[in-house]
Amino acid sequence: MEQYSNHTELQEMREQLTLLHRKLDREIIVNEKMIRKIVTQKISTLDNVARRTIILQLLAASYSLSFFRIGIPAWFCCLTIVALLLAALQTYTFHHGLQVKDVVSDDLAEIYKKTYRLKRRYAHWLKIGIPLACLWFAGLIFEIKTASSIDEESKQFFIYGCITGLIAGIVIGFCKHRKTLYTMNNILQEIDEFTQKN
Amino acid sequence: MDTSETEFAQIVKEHKNTIYTVCFMFSKDSDEINDLFQESLLNLWKGLPNFQGKSDISTWIWRVCFNTCVSSERKKKRNITVPLPTDLNLFEDKDEDSRQIRMLYDRIHRLKPFDRAIVLLWLENMSYEEIASIVGISVKNVSVRLFRIKEELKKMSNN
């Protein structure tokens, strides 16, 4: 009896789905205007967040060249530039694996795995990146304070500038981190029950 | 339009029902259907060059639509999109067909997104192999999940 009621219920759902298709057959849901809009959309290879981050990192690397002029040791300047270029590469690599056009044909399970992997890599990167950034900032303040070619007033000016930059960087970084995490968690939540191995 | 655009337009028109059905089952209102539908079209357009006929076109379309609906960020601010050229509003229309369709929606919408995908494909008379290929789990897993989904649907109607 229970099997029968379940069967009729499922049959009813199939009939309701047929009704939906019949209704949709009578409707014009797509037209030339919509298709035109879709095909003329600019397809970017990287999403906006990643692109802005990489641009910022490259700008910061080029700005770091000015460290040479104010008397910061060359090794410190080179280290800064290399670190920023590596960060830009890291950002590109992180986002490259989960681009829409790459995963659009993947199945749900694969998207879950890629998103989960990306989230883990992101968390690991933060554990390394934040202490390194603190170390670098402490090193920068030390080098500015001990630089013999800069007068005391200019040193104060640079230090205030560095602190302002640090605060701005923390705020921007925190907002970006929240947005990225939100996106990844949203995807994972939607398909969260896929934890079984195939 | 050039060849790829013509091909795209043709594919979309042939499969508009599939795309709309998936978007409907994953949305909460007609504005969201609009957003998801157009995002699905955009993803189909982006993915078309990479689709090399490895699977059946309808399998690919199902997959892209599910991926879009499941992965779509629920934006607080709606994008300004071209409105769908239809007055159809399955959430509010009062005719008997719409009422029946809403009953189907209510049942399916209470399931988790992953299960929604599986049950929709099953209701479309797809084989377990086809469902497994679209969703990305084993055939055995499809069978187990479908059994659980049917139990859940039974519980819902008993309540």
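The values are calculated or read from the model by the stated rules, or taken from the named source; none is laboratory data. Keep in mind the model is a prediction, meaning the values are calculated, not measured. Glycine gets a Cβ as well: all are built from the backbone with ideal geometry, and neighbour counts include every protein chain shown. Keep in mind that these areas ignore ligands, DNA and RNA; they rest on the heavy atoms of the full protein, side chains included. Shrake-Rupley method; radii C 1.70, N 1.55, O 1.52, S 1.80 Å.
Please work out the average accessible area per residue across chain B, using the 1.4 Å probe convention, and give it in Å². Walk me through the numbers before you get to the answer.
On the way: 7300 Å² over 159 residues.
Ligands and nucleic acids excluded, the result is 46 Å² per residue.
Accessible area of the protein assembly as shown with a 1.4 Å probe: how many percent of it is carbon plus sulfur? Before the final figure, lay out each step's value.
On the way: 11460 of 19740 Å².
So the carbon and sulfur contribution to the accessible surface is 58 percent.
Placing unit charges on C-beta atoms (Lys and Arg positive, Asp and Glu negative, everything else neutral), compute the dipole magnitude of the protein assembly as shown about its Cα centre in debye, rounded to 20.
1120 debye
Interface size between chain A and chain B, please: total buried accessible area, 1.4 Å probe, rounded to the nearest 100 Å². All intermediate terms of the calculation are to be shown ahead of the outcome.
Details: alone 15650 and 10190 Å², together 19740 Å².
So the total buried area for this chain pair works out to about 6100 Å².
Taking a 25 Å limit on the Cα-Cα distance, which of the listed pairs A:Lys179/B:Lys150; B:Lys46/B:Lys150; A:Lys23/B:Lys13; B:Lys16/B:Lys154; A:Lys179/B:Lys16; A:Lys113/A:Lys176 fall beyond it? Kindly include the intermediate steps, with their values, before the conclusion.
On the way: A:Lys179/B:Lys150 37 Å; B:Lys46/B:Lys150 35 Å; A:Lys23/B:Lys13 15 Å; B:Lys16/B:Lys154 31 Å; A:Lys179/B:Lys16 32 Å; A:Lys113/A:Lys176 22 Å.
Where the Cα-Cα span goes over 25 Å, the pairs concerned are A:Lys179/B:Lys150; B:Lys46/B:Lys150; B:Lys16/B:Lys154; A:Lys179/B:Lys16.
How much length, in nm to one decimal, is gained on full extension between A:Glu15 and A:Arg121, taken as 0.36 nm per residue of separation minus their Cα-Cα distance?
Values: separation 106, 0.36 × 106 = 38.16 nm, distance 4.62 nm.
This chain segment gains 33.5 nm when fully extended.
For A:Cys175 paired with B:Phe51, estimate the spin-label separation in nm (one decimal), with each label point 7 Å from Cα along the Cα-to-Cβ line.
Using points 7 Å along Cα→Cβ, the separation is 3.8 nm.
Treat every Asp and Glu Cβ in the range B:9-158 as -1 and every Lys and Arg Cβ as +1, leave all other atoms uncharged, and give the resulting dipole magnitude about the Cα centre to the nearest 20 debye. Kindly include the intermediate steps, with their values, before the conclusion.
Values: 24 positive and 21 negative charges, 133 e Å.
Dipole size: approximately 640 debye.
Given a 1.4 Å probe and the protein chains all in place, what does the accessible area of A:Leu135 round to, in Å² to the nearest 10?
120 Å²
Quick one: what are the phi-derived ³J(HN,Hα) couplings along the range B:4-15, Karplus 6.51/-1.76/1.60 with θ = phi - 60°, whole Hz, x for glycine and proline?
Once rounded to whole Hz, the list reads 5, 5, 5, 4, 4, 4, 5, 4, 4, 5, 5, 10.
If you find the alpha carbon centre of the range B:104-135 and of the range A:105-155, how far apart are they in angstrom?
Distance between centres, Cα-based: 43 Å.
Report the calculated FRET efficiency for A:Lys113 and A:Arg52 (r = Cβ-Cβ distance, R0 = 22 Å), to the nearest 0.05.
In this case the efficiency is close to 0.25.
What nm value, rounded to one decimal, do you get for the distance between A:Asp151 and A:Leu135 when each label is placed 7 Å out toward the C-beta?
3.6 nm
Under a plain spin-label model, where a point goes 7 Å from the Cα along Cα-to-Cβ, how far apart in nm are B:Lys155 and A:Phe94?
Going from the B:Lys155 label point to the A:Phe94 one covers 3.9 nm.
Roughly how many Å² of A:Leu85 are accessible to a 1.4 Å probe, to the nearest 10?
That residue has around 90 Å² of solvent-accessible surface.
Give the ranking of A:Cys175, A:Cys162, B:Cys65 by solvent-accessible surface, highest area first, calculated with a 1.4 Å probe.
Details: A:Cys175 80, A:Cys162 30, B:Cys65 0 Å².
Heavy-atom accessible area, descending, gives A:Cys175, A:Cys162, B:Cys65.
Could you tell me which of B:Ser71, B:Asn125, B:Gly47 has its Cα farthest along the dipole of the range B:6-146 towards the positive end, charges placed at Cβ (Lys, Arg +1; Asp, Glu -1), taken about the Cα centre?
Checking the options against the dipole of the range B:6-146, the answer is B:Ser71.
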